[in-house]
Amino acid sequence: MQNRRQHSYTHTPTCSAPKRRVQFKHVLGVVFVLLAGVYLLNRGNDDKQAATSEAKIAGVRAEVKKVQQTPFPSVDTTSFTDTQRKMLTLMKAEYAKQPVSYDATVLTYTEGFKESWCADFISWVRFRADKPFSNPETGYWRIPGVQSLRDYYMSSGAYHFVGTYTPKFGDVAFYFGETPDGTSREHVAFVFDIQGDTLITLGGNETDEGILQLRRNLLAEGERGLAGFGESRL
């Protein structure tokens, strides 16, 4: 009897081992949950930081888009006609909007068409200044094609090659070949001013981004594709 009691007594401690293993597993589970929580928290913070960074980048891009490299210049309007003054006011207002293909402002010029809009912009300004074109084919105020606009000026003897005419504010400069329009080999822009041998123009759909841009270029045949001028007779 004594031996049996000793045997059962000495066997008792072996029954406590599973309890310790269960406790160890429980501790491991708690540790895992804590580590997972820390990971998810850090990941959430990283995602927030990434989102914040993207927002900041987007904000910078938006600010860059709004910045015009060239301030709208002043011009002597002493000899301007009423039409030229109206056109100047319109040009300044549209330039401040910084239109770019194909935002709502550009689609106003094109009447909803997604097309090269340099000639549309010129047509729209003339229309709003109460000096509209008359499209030879439709009689409408909008002449969207560069070739068609050149034909319009030629038909009235108002197209002049570079070197044969001194352009004025509101005239139209024509370009063919390597033009300021990054997506086309033909382009038109308003003549804004002449300063010595420098031609200042305001043109729509310029550069690959399709913006409204003020430019200063040499007044010379072939400069940026410059070929001639349409005398607007405003």
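Bear in mind these aren't lab numbers, they're just calculated from the coordinates by the rules spelled out. Note that the structure is a prediction, hence the values are computed from the model and not measured. As a convention, Cβ positions derive from the backbone with ideal geometry for all residues, glycine included, and neighbour counts pool all protein chains shown.
Residues 227, 220, 189: which one is farther than 16 Å from residue 122 by Cα and part of a strand (DSSP E or B)?
Step by step, each of 227, 220, 189 is checked, and only 227 is farther than 16 Å from residue 122 by Cα and part of a strand (DSSP E or B).
Restricting attention to segment 71-115, and to residues there that are of a type in the set (Gly, Ala, Ser) and closer than 19 Å to residue 191 by Cα, which single residue is nearest to the chain's Cα centre (by Cα)?
For segment 71-115, the residue satisfying everything is 96.
What number of residues within segment 131-174 satisfy the criterion of being hydrophobic (A, V, I, L, M, F, W, C), outside any loop (DSSP other than H, G, I, E, B) and in contact (Cβ under 8 Å) with a residue 24 or more places away in the chain?
6
Can you tell me which residues in segment 193-205 are surrounded by fewer than 24 Cβ atoms within 10 Å (Cβ to Cβ) and part of a strand (DSSP E or B)?
193, 194, 195, 198, 200
Only residues in segment 190-201 that are within 20 Å of residue 150 (Cβ to Cβ) count as the first member; pair them with residues that are part of a strand (DSSP E or B) and among the aromatic types (Phe, Trp, Tyr), Cβ under 6 angstrom, at least 6 apart or cross-chain, and list the lot.
Final answer for the pair search is 201/192.
Each row is one residue, and each column tells you yes or no for (1) within 20 Å of residue 87 (Cβ to Cβ); (2) touching a helix residue (DSSP H, G or I) at 6+ places or on another chain (Cβ under 6 Å).
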site: 178; (1), (2): no, yes
site: 184; (1), (2): no, no
site: 187; (1), (2): yes, yes
site: 194; (1), (2): yes, no
site: 201; (1), (2): yes, no
site: 209; (1), (2): no, no
site: 218; (1), (2): no, no
site: 227; (1), (2): no, no
site: 231; (1), (2): yes, no
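Are any residues in segment 97-129 on the phi > 0 side of the Ramachandran plot and in contact with a helix residue (DSSP H, G or I) (Cβ under 7 Å, 6 or more places away or on another chain), and if so, which ones?
Passing the criteria: only 98.
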